[in-house]
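Worksheet for the structure shown next.
The values are calculated or read from the model by the stated rules, or taken from the named source; none is laboratory data. Since the model is a prediction, treat every value here as computed from it, not as a measurement. Cβ coordinates were reconstructed from backbone atoms using ideal geometry, including for glycine residues, and neighbour counts include every protein chain displayed. Just the protein is used for accessible areas: all its heavy atoms, side chains included, with ligands, DNA and RNA removed. Shrake-Rupley method; radii C 1.70, N 1.55, O 1.52, S 1.80 Å.
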Amino acid sequence: MNIKRHTLILRLFLLFAICMSSHSSHAAPTAIIKPSTPTAFEGVTVTLDGSGSTFEPGSVTYLWTCMNCSNYGLTFPPEITSGILLTTPILSNLVPPPKTPSIDLWFSLTVTDNTGTHTTQQKITINKNTPPAAITSNPRFITILQDFIAQQGTRIQLDGSPSVYSSLRTATWTLVSWPSGYTRTSPDLITINNPNNITTSIDIEKGTTLGNYTFNLIITDTAGNVSTPASVTVQITSRDQLPPTVSEINIINQTGLPTVQTVPTNTVVTLTPGTITGSNLTYSWAKTSGSNVSPPLPNNTSRAITITTPATVGPLVFELTVTDTSNGLAVVKTVVVNVSNTTSFLPVAVATSDLTTAEEGETINLDASGSYDPTGGTIASYSWSASFPIVLSDATAKKPTFVVPNPAPASFVVSLQVTNANGFVGATSNITFTTTSRNLYFNTCATPGRIVRAATRTSIYVCITANNAIDFVELTPKHPSLLLSAQTATANTEPSDIDYGMFNFRVKTRRPGDLVTIDMEFLSPIPDSLTLWKHSAQQGWSEDKLNVVFSSDRRKATLTLVDGGLNDEDGLVNGFILDPAGFAQASTTATTSTATTSTGTISGDTKVGCTMNPGADLDPTFPVLLLTSLLYLYRQRKQNKSL
């Protein structure tokens, strides 16, 4: 036993000796610089951090110097802290000014402790600021019909994320021009939400004056450079005053034949618009991207222009602005001329949609996922376009959507172009849509009636009118499955045959407490087996036979509602009536009520016993009882062994 004890003591002594010998061997310090960024633009702050240096505990000193600042007329006094903050200089202020768009400044850090000294260096590259450019993904002109905002206004997204800048200081959206009949008030009928965000939105309230409202985006970088404004003009107009339209812009070569792919270098072509609608038209051409062309295009006002492509390959982007001087409304059409001597590199646009035949009010989903670059490259951007009055959710998205307007044209075209990583644009992919007006189904559903399609069966339409009320605030079809998700445990039995669907009404009354009637007119008689059913998130399903009157042919049902009373789900006298309702048949499935007692489950056949619910919470007394039982068994076993 003593031998083992002495061996253990000897091992501990040896381990202690090894530790002491290794600790007494001092290592020289190591200076380490960690920059916040090795490359920066003018006028920004860069951090040089030396706190990661290694050294012996005790006395340590730091010394920072700039090795070549004096070459540019810069003064950098030595610093003795573990880190420094550097504000990068403006290159044009240096003496002498550099001939290159960037310079390298070298900094050294020396770390000294009681064992020695170590020095390291770090290069910081400072690039000249690129003047900021404000760019929006919005079309230059957005047209909104006045009756589209007549009920509750609208919201428009403004996107300045494509803007180019070296380092952003501020992004500012402002309303810079408006019609002469528009008066700025507080609160204003037009609100810019978060005007200092590069991507924001504007709210246009009902009652806003007809005319053009121009919003500017200005970008300022940290060096104080200010961009030229990028503008988006919202045109609020009526159905009898529409903007001009341009079907396409054709690229015509010298033989008079259109070319939609590429144009060789040093070649004469003519850019001419296709079909244009409108009267008293003016034209304005501009080149927005690409190499110089001949002749220059500061502002060409001809309907068609003739150019000579440059000697360098690459895409040329032209814009044609067409303005109808009779109403001041305008439209912009873009064309890309791919200058190259080959066509094998152009990306291929593939536009698809879930529907090509649709009805007014229906949502269409577009998809450009099938587009590709035959060279194996990537698709850098998407550009969708559609003629007025189609409004796309996002013209630069891969999968945008739009709602077929009411009324809609009998047919219209949505186009897609894609750009690859090299900036080349392929041929346009078009989708032609045909529409059916819901007004064709009814001869008697006039204003203020609303035609709504049931959420359960697309063949069921209803004309809904609110009497003795201002109008519907909300009128949407609801699928019964969505209502079931809010149903509580105390809800009544779900009815069957809900093919006519549920409709969610929210009506604004003329005065709080008013009685309102709702007329629901169908194209065909409502079956005799169907009655009016209501749904409440608190009470579940309930049949209502007392507050509905059917016409003799059962094509129309009239509902009676009272603000704060009869069939008003919110129960408040507040000038609004909320009533989810629809037509269905009582379920024929027998139900069995079940109650749970502390001793078991009692149902149709009374059987009392002990049951376990796997989804129930654990009783907090269960662990205590289990532990007590185990202790009892342990003591019993111990006592048994002692006997």
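The table below gives the values:
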{"read-out": "Hey, Lys128 at pLDDT 90 or above, under 21 Å from Val44 (Cβ atoms), among the basic types (Lys, Arg) and touching a strand residue (DSSP E or B) at 6+ places or on another chain (Cβ under 7 Å) or not", "value": "no"}
{"read-out": "Selection from region 200-230 of residues that are of a type in the set (A, V, I, L, M, F, W, C) and either open to solvent by less than 20 Å² (accessible area, probe 1.4 Å) or under 17 Å from Arg140 (Cβ atoms) (or both)", "value": "Ile202, Ile204, Phe215, Leu217, Ile218, Ile219, Ala230"}
{"read-out": "Whichever residue in region 278-298 is out of contact with any Asp or Glu (no Cβ under 9 Å at 6 or more places or on another chain) and either at pLDDT 90 or above or under 15 Å from Lys333 (Cα atoms) (or both) and, among such residues, is most open to solvent (accessible area, probe 1.4 Å)", "value": "Ser289"}
{"read-out": "Single match in Val516, Val507, Val549 (criterion: part of a strand (DSSP E or B), within 16 Å of Ile464 (Cα to Cα) and more than 41 Å from the chain's Cα centre (by Cα))", "value": "Val549"}
{"read-out": "Cβ-Cβ under 6 Å pairs, at least 6 apart or on other chains, region 70-83 side under 13 Å from Trp106 (Cα atoms), far side assigned to a loop (DSSP other than H, G, I, E, B)", "value": "Tyr72/Leu94"}
{"read-out": "Residues of region 205-246 that turn out to be over 30 Å from Gly43 (Cα atoms), among the polar types (S, T, N, Q) and in a loop (DSSP other than H, G, I, E, B), as a count", "value": "4"}
{"read-out": "Hits in region 172-199 - residues which are assigned to a loop (DSSP other than H, G, I, E, B), in contact (Cβ under 8 Å) with a residue 24 or more places away in the chain, open to solvent by 50 Å² or more (accessible area, probe 1.4 Å) and under 30 Å from Pro131 (Cβ atoms)", "value": "Trp178, Asn196, Asn197"}
{"read-out": "Breaking point among (1) assigned to a strand (DSSP E or B); (2) without any contact (Cβ under 8 Å) to a residue 24 or more places away in the chain; (3) not charged (D, E, K, R), for Thr560", "value": "(2)"}
{"read-out": "Some residue of region 416-425 being among the aromatic types (Phe, Trp, Tyr), touching a strand residue (DSSP E or B) at 6+ places or on another chain (Cβ under 8 Å), crowded, with 16+ Cβ neighbours inside 10 Å and at pLDDT 90 or above", "value": "no"}
{"read-out": "Residues satisfying the stated conditions in region 542-584, i.e. loosely packed, with under 14 Cβ neighbours inside 10 Å and charged (D, E, K, R)", "value": "Lys545, Asp553, Asp570"}
{"read-out": "One residue from Ile202, Ile144 being part of a strand (DSSP E or B), modelled with pLDDT under 90 and of a type in the set (A, V, I, L, M)", "value": "Ile144"}
{"read-out": "Of residues in region 377-389 being part of a loop (DSSP other than H, G, I, E, B) and surrounded by fewer than 19 Cβ atoms within 10 Å (Cβ to Cβ), the one modelled with the highest pLDDT", "value": "Thr378"}
{"read-out": "Where Pro89 falls short, out of the listed (1) assigned to a loop (DSSP other than H, G, I, E, B); (2) closer than 29 Å to Tyr165 by Cα; (3) over 46 Å from the mean Cα position of the chain (by Cα); (4) modelled with pLDDT of 85 or more", "value": "(3)"}
{"read-out": "Scope region 349-363; condition outside any loop (DSSP other than H, G, I, E, B) and of a type in the set (A, V, I, L, M); matching residues", "value": "Ala358"}
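Residue by residue, here is whether (1) of a type in the set (S, T, N, Q); (2) assigned to a loop (DSSP other than H, G, I, E, B) holds:
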| site | (1), (2) |
| --- | --- |
| Thr342 | yes, yes |
| Asn365 | yes, no |
| Thr375 | yes, yes |
| Phe402 | no, no |
| Pro405 | no, yes |
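One line per residue, one yes/no per condition, for (1) modelled with pLDDT under 85; (2) of a type in the set (Gly, Ala, Ser):
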| residue | (1), (2) |
| --- | --- |
| Ser231 | no, yes |
| Ile236 | no, no |
| Ile251 | no, no |
| Pro258 | yes, no |
| Val269 | no, no |
| Ile276 | no, no |
